[in-house]
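The next block holds one structure in the form of structure tokens; read it before the comments.
Since every read-out is calculated from the coordinates, none of them should be taken as a lab result. All of these numbers come straight from a predicted model, not from anything done at the bench. Cβ placement follows ideal geometry from the backbone for every residue including glycine, while neighbour counts extend to all protein chains displayed.
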């Protein structure tokens, strides 16, 4: 941990020195919520978000905050080690071409619905999940798609001398619809109840005793499961592509970690709702994934179970430039040269692609140094080829 701020109702513990003013103010808002417990944890990759900073961890007593999870519910990373120790440039190009052909990116979906057998199970029945049930058919076409923004598929070379595959994606439009629906309800209810939280904070909450909170948590958890199934479906597609061009290849069991969700957990002897928005769970000996930016290292890590972070760590490098700012200020030729010098196959072609260039993100090595008390590094992964959403 880098420092503790004690200016608010409860302390704010920070794992970075260079937090932007907007994100810091959002952390202060969290610390003044009437139901916030013990302290606010701000991870090493934190930056400004919607309501709550990306890279923030909120422990709440008897309340859940939809904006404490965000719109891409269940967004996370899946990584899988292969039996390959090397791969040629020509093979990489063929694999990337097939990935782009068979895995839709951006706003694109599959033309046909995927099998319902690939969707999460619903013990309580779809009819109990109001928004999910409405969006279910659309979600079938979105299953196994990458999405846009900072989502990616990356082929990497590990410090363990193995080729790895990594996928970063979320719950697509399903999570967006669930998040928006319940946040609107929370805003209306908070106005009705005249809650003491400033609406400008964008932190409308739902008491756990309410039926609405129960509905939100059920639909949120389905979206977390859907995001996992989405990544797994893409991984299975990528496996099949690798098997075409790398006969005899085998794959280890994938590692998967979500970083946008709320969960019931016990910390400091209390039952709490832990909100991780752009934060990865890091219980003792738990494996996790911390991806870097395009062109920089990613890390397979093992948690240390540090109670001060509510057993959490960063979810990546974290942005240092907003998307439009990156497109305005970064130099296209410099960002392309950075990747080309490392012989990385990438998708930066024009100024509009600079929002996901390495220069738009914090230094991942500084981020990792700042959280040495949260995780141990198991494997360092260097990018070989990248498909961006």
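Just want the ordering: 164, 201, 15, from fewest to most Cβ atoms lying within 10 Å of their own Cβ. If you can, show how the numbers build up before the last one.
Values: 164 24, 201 18, 15 27.
In order of increasing Cβ crowding within 10 Å: 201, 164, 15.
Return the percentage of antiparallel bridges among DSSP beta bridges fully within the chain, rounded to the nearest 5 %. Each step should come with its number before you reach the end.
Numbers: 60 of 64 bridges.
Counting DSSP beta bridges with both partners in the chain, the antiparallel share is about 95 percent.
For the chain, what does the convex hull of the Cα positions come to per residue, in cubic angstrom? Intermediate results must be reported in sequence, preceding the final value.
Details: hull volume 52.6 nm³, N = 389.
Convex hull of Cα atoms, per residue: 135 Å³.
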* Where the Cα pairs of region 182-236 fall when distances are cut into 5 Å bins, in % -> 4, 18, 21, 16, 13, 10, 8, 6, 3, 1
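How fast does region 1-136 diffuse by Stokes-Einstein, in µm²/s, taking the Kirkwood radius from C-alpha pairs at 4 °C and 1.567 mPa s? List each step's numbers first, then the result.
On the way: Rh = 19.1 Å.
Here the translational diffusion coefficient equals 68 µm²/s.
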* Structure fact -> Rounded to whole Å, √(5λ) for the Cα gyration tensor eigenvalues of region 64-142, largest first, gives 32, 17, 14
* Measure out, as a whole number of angstrom, how far apart the alpha-carbon centroids of region 46-125 and region 362-389 sit. => 18
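Could I get the Rg over Rh figure for region 1-54? Both from C-alpha atoms, Rh via Kirkwood, rounded to two places.
Values: Rg = 9.9 Å, Rh = 10.8 Å.
With Rh from the inverse mean 1/r over Cα pairs, Rg/Rh is 0.92.
At 1.306 mPa s and 10 °C, plugging the Kirkwood radius over alpha-carbon pairs of region 26-73 into Stokes-Einstein gives what diffusion coefficient in µm²/s? Numbers along the way, then the final one.
Working: Rh = 10.9 Å.
Reported coefficient: 146 µm²/s.
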* Structure fact -> Sorted largest first, the C-alpha extents of region 278-337 along its principal axes in whole angstrom are 43, 20, 11
* Cα long-axis angle, helix 332-341 against the chain (0 to 90 degrees, to the nearest 10) -> 60
* Asked: Percent of alpha carbon pairs in region 315-389 separated by more than 15 Å?
  -> 60
* Where only C-alpha atoms are counted, convex hull volume of region 239-320 per residue in Å³ -> 134
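Taking a quarter of the surface of the convex hull around the Cα atoms of region 107-158, what do you get in nm²? Can you show the working numbers first?
Numbers: hull surface 22.5 nm².
So the Cα hull casts an average projection of 5.6 nm².
Can you give the Kirkwood hydrodynamic radius for region 192-349, in Å, rounded to one decimal and based on Cα pairs? Display every interim value, and only then the final one.
Details: mean 1/r = 0.0509 Å⁻¹.
For region 192-349, the Kirkwood estimate is 19.6 Å.
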* Structure fact -> A correct fewest-to-most ranking of 50, 222 by other Cβ atoms within 10 Å would be 50, 222
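Using only C-alpha positions, report the orientation-averaged shadow area of the convex hull of region 264-380, nm², one decimal.
On the way: hull surface 32.7 nm².
Quarter of the Cα hull surface area: 8.2 nm².
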* **Helix axis angle, 89-102 relative to the chain longest principal axis, alpha carbon, degrees** => 50
* Residue order, fewest to most surrounding Cβ atoms within 10 angstrom, among 130, 352 -> 352, 130
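Among bridges DSSP assigns within region 1-61, what percent are antiparallel (round to 5)?
Values: 7 of 10 bridges.
Roughly 70 percent of the beta bridges in region 1-61 run antiparallel, per DSSP.
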* Structure fact -> At 25 °C and 0.890 mPa s, the Stokes-Einstein diffusion coefficient in µm²/s for region 97-244, with hydrodynamic radius from the Kirkwood sum on alpha carbon pairs, is 143
